[in-house]
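Novice: Have a look at this one before I ask anything.
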Amino acid sequence: QVQLVESGGGLVQAGGSLRLSCAASGTINSFYAMGWYRQAPGKQRELVAYSTTDGATTIADSVKGRFTISRDVPQNTVYLQMNSLKPEDTAVYYCRAVARFTNEPYWGQGTQVTVSS
């Protein structure tokens, strides 16, 4: 069993900032990749940012230059610093982690981010 617990979502005005956190715990304590996806109402879930333990980082074009992903690998925690938020960033943000040896993916329950104009 693996639990991903997200925190840091909320309501913010356009131009503001939020920092999301996701901590993994459970029977697996090593994750090759951790990152963030989001899903807005009526839209498909999309990749926001992703980080692997070999140093590779992927950032969606829509948030590049505004969002930064970072990881605390020993603590199995991933962060998403979101600056210059826009109303179109409004979505439920989900944490995703991929176990190192099994490649099994795990999802968090999601945290709501709402950006008002």
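The values are calculated or read from the model by the stated rules, or taken from the named source; none is laboratory data. This one's a predicted model, so the numbers in the text were calculated from it and none came from an experiment. Because the Cβ atoms are built from the backbone with ideal geometry, glycine has one as well, and the counts that use them run over all protein chains shown. Only protein heavy atoms, including side chains, enter the accessible area calculation; ligands, DNA and RNA are left aside. Shrake-Rupley method; radii C 1.70, N 1.55, O 1.52, S 1.80 Å.
Novice: With every protein chain kept in place and ligands, DNA and RNA left out, what is the accessible area per residue of the stretch 2-117? Probe 1.4 Å, answer in Å².
Specialist: 51 Å²
Novice: Based on Cβ point charges of +1 for Lys and Arg and -1 for Asp and Glu, what charge dipole magnitude is obtained for the stretch 12-111 about its Cα centre, in debye rounded to the nearest 20?
Specialist: Rounded to the nearest 20 debye, it is 120 debye.
Novice: Quick one: compute a quarter of the convex hull surface over the Cα atoms of the chain and quote it in nm².
Specialist: 6.8 nm²
Novice: Let's test this: bin the Cα-Cα distances of the stretch 1-61 at 5 Å from zero up to the farthest pair and state each bin's percent.
Specialist: 4, 13, 18, 25, 22, 11, 5, 1
Novice: Which listed residue (GLN3, GLY65, GLY110) has the Cα farthest towards the positive end of the charge dipole for the stretch 1-112, taking +1 on Lys and Arg C-beta and -1 on Asp and Glu C-beta about the Cα centre?
Specialist: GLY65
Novice: Positive end of the dipole of the chain, charges at C-beta (+1 Lys, Arg; -1 Asp, Glu), about the Cα centre: which of PHE101, VAL12, GLY55 has its Cα farthest in that direction?
Specialist: The listed residue farthest towards the positive side: VAL12.
Novice: Let me ask something additional. Dividing the convex hull volume of the Cα atoms of the stretch 30-89 by its residue count, what figure in Å³ per residue is obtained? Could you put the intermediate results ahead of the total?
Specialist: On the way: hull volume 5.3 nm³, N = 60.
Given the Cα convex hull of the stretch 30-89, per-residue volume reads 88 Å³.
Novice: With a 1.4 Å probe and every protein chain kept in, tell me what percent of the accessible surface of the chain is carbon plus sulfur. Don't skip to the end; give the middle numbers.
Specialist: Details: 2930 of 6100 Å².
About 48 percent, which is the carbon plus sulfur part of the accessible surface.
Novice: Using Cα pairs closer than 8 Å and at least 6 residues apart in sequence, work out the relative contact order for the stretch 68-117, in percent.
Specialist: Computed over the stretch 68-117, the figure is 33 percent.
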